[in-house]
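Here's the structure we're looking at; comments come further down.
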Amino acid sequence: MEEKEQSALTFDEECYLMQMEAWIKEQQAREKQLLATIETSKEVVQQNEIQLEWHRKFFNSSLKEFEEWKKERKI
């Protein structure tokens, strides 16, 4: 097996390397969080659209009954 020769890093270079590797991991984790949030938001929107549809059906039915009730009583 060949071993790669690695030049010795200075303390500053080693610190920079470690900080950048940590930062890259944080950014990758943040991207995963954002994608999960977007997916969750899409699901919430879909469920809200379904709830709105059922709300409108119930409201329109109730409103129609109320209007008929008023008409029967000549209100």
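Carbon and sulfur: what percent of the chain's accessible surface (1.4 Å probe)?
Roughly 56 percent of what the probe reaches on the chain is carbon or sulfur.
How big is the dipole moment of the chain about its Cα centre under a simple scheme where the beta carbon of each Lys and Arg is +1, that of each Asp and Glu is -1, and everything else is neutral? Debye, nearest 20, please.
1420 debye
Of (1) 70, 25, 15; (2) 39, 35, 21; (3) 96, 29, 6, which one was derived for Cα extents along the principal axes in Å from the structure shown?
(3)
Specify the angular offset, from 0 to 90 degrees and rounded to the nearest 10, of the alpha carbon long axis of helix 11-72 from the longest principal axis of the alpha carbons in the chain.
0 degrees
Out of Ala8, Trp23, Ser62, whose Cα points farthest toward the positive end of the dipole of the chain (charges: +1 Lys, Arg; -1 Asp, Glu; placed on Cβ)?
Ser62
Using a 1.4 angstrom probe, figure out how much accessible area region 20-75 has per residue, in square angstrom, rounded to the nearest whole.
In whole numbers, region 20-75 has 100 Å² accessible per residue.
Taking only pairs that are 8 or more places apart or on different chains, how many Lys pairs in the chain have Cα atoms under 30 angstrom apart?
8
The values are calculated or read from the model by the stated rules, or taken from the named source; none is laboratory data. These numbers were taken from a predicted model, which means no experiment stands behind them. Cβ atoms come from the backbone with ideal geometry, glycine included; neighbour counts cover every protein chain shown. Note: areas computed on protein heavy atoms with side chains; ligands, DNA, RNA excluded. Shrake-Rupley method; radii C 1.70, N 1.55, O 1.52, S 1.80 Å.
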